[in-house]
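Structure record follows, encoded as structure tokens.
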Amino acid sequence: MSGTYSLLDTQVRNHIGFVSLNRVAAFNALNLDMVRQLQQLLDAWLTDDQVRAVVLQGNGDKAFCAGGDIRDMYHNQKAGNDLNETFFREEYALDQLIHAYPKPFIALADGLVLGGGMGLMQGAGLRIVTEKAVLGMPEVCIGYYPDVGSSYFLSRMPNATGIYMGVTGNSINAADALQLGLADWHVPHQQLAEFIEQLNQLDTSSSITDSIEQLLQGYASQSLPDTELANQQALTAQHFKHASLAEIYQSLTNQTDCSWCQATLNTLNSRSPLAMATTLELLRRGQQLSLMDCFNLERHLGKSWFNNPDFVEGIRALIIDKDKNPRWQPASYHDLDPQQIQGFFAGFK
């Protein structure tokens, strides 16, 4: 059975619903139409007794999903319409649906998994990566903050590794994703097609959950060599445990003989100070909140965030004009106003 969704490839085979994001030229980036189509499809499969499990993946060999379509967001913001608010509201609802989905839900991540792609993947009950997967929340690079539930899943990563990811915007490889709790299983890229074919032949007559687990035991592993960030956990715990961006800078600066610290400082100096400081506060608050409240907090933050210029400026510099020279306001963490940062969260209940 094939679907008629213009931005999705869908089939039901062997009582499993297969859906592939299909904006290959845009690295399967999410726009409002894709979010709505995926929501409609998953709602339909939710009540379809012929669908006993769901597999979500991305078409092409470059990306599972590279996040939200930031070109759309840029033009929406410049036009002064409310489509960005609509997009985020519906995207978060989709992510929450996946987190709560009562049928086995598999995310197969091959290639880029960034931003909104992480929102789709982290809600899945089984998060499978190939060695080509690259996971990250790079929002501070464009003057934004990590969302799609990341205040929940980043804030709970060990030894402040999630704080590091959110504040720097740096991505991690598949080995780190497995080690640090952002993925469950590794299936080799070369065996991905064979693994999917085995799903087509899976025994779905009894417990499909047990059958999937047995299949994974034969095809997948739960660790990979060549971890990178996982090897730096002593450093992330030391330098990203602090409550303010100024303290993080000072901690890194004090380590004059640490090449990792210097590289991290260079990264921080290229990001939006306002976005980094707000991200740090968001993740600190998220540590104490439920998943639902984390989504609510991120949505609350978005209501006031677009009134500051860094978001449009970041997209302009990195995506539109590509001069890679964003003019952040403020330009330095020294000039941050703590009251402005706290003001973004004012009124959240």
- Message: Return the residues of region 198-218 that are touching a residue at least 24 places away in the same chain (Cβ under 8 Å) and either polar (S, T, N, Q) or assigned to a helix (DSSP H, G or I) (or both); say none if nothing qualifies.
- Response: 199, 200, 201, 204, 208, 209, 212, 216
- Can you tell which of 229, 291, 318 is among the aliphatic types (A, V, I, L, M), at pLDDT below 95 and under 23 Å from the mean Cα position of the chain (by Cα)? 318
- Message: I'm trying to understand the selection: among the residues of region 39-66, which are closer than 22 Å to residue 118 by Cβ and touching a Pro at 6+ places or on another chain (Cβ under 8 Å)?
- Response: 53, 54
- Task: With the checklist (1) surrounded by 18 or more Cβ atoms within 10 Å (Cβ to Cβ); (2) assigned to a helix (DSSP H, G or I) in hand, flag the one item residue 227 doesn't pass.
- Result: (2)
- Note on the structure: Listed by range, helices (runs of 4 or more DSSP H) wholly within region 113-197 having at least 1 residues that are touching a strand residue (DSSP E or B) at 6+ places or on another chain (Cβ under 6 Å) are 116-122, 174-180
- Of residues in region 230-261 being among the polar types (S, T, N, Q) and touching a helix residue (DSSP H, G or I) at 6+ places or on another chain (Cβ under 8 Å), the one surrounded by the fewest Cβ atoms within 10 Å (Cβ to Cβ): 253
- Look at residue 54 and say whether it is assigned by TED's automatic domain parsing to the domain that holds residue 22, buried (at least 18 other Cβ atoms within 10 Å of the Cβ) and in contact with an Asp or Glu (Cβ under 6 Å, 6 or more places away or on another chain). no
- Task: Please find, within region 67-92, the residue that is farthest from residue 146 (Cα to Cα) out of those that are touching a residue at least 24 places away in the same chain (Cβ under 8 Å) and of a type in the set (D, E, K, R).
- Result: 78
- Any residue at all in region 285-292 that is surrounded by fewer than 14 Cβ atoms within 10 Å (Cβ to Cβ) and either in a helix (DSSP H, G or I) or of a type in the set (Lys, Arg) (or both)? yes
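The values are calculated or read from the model by the stated rules, or taken from the named source; none is laboratory data. The structure presented is a predicted model; accordingly, all values stated were derived computationally and were not measured. Please note: Cβ atoms are built from the backbone with ideal geometry, for glycine as well, and neighbour counts cover all protein chains shown.
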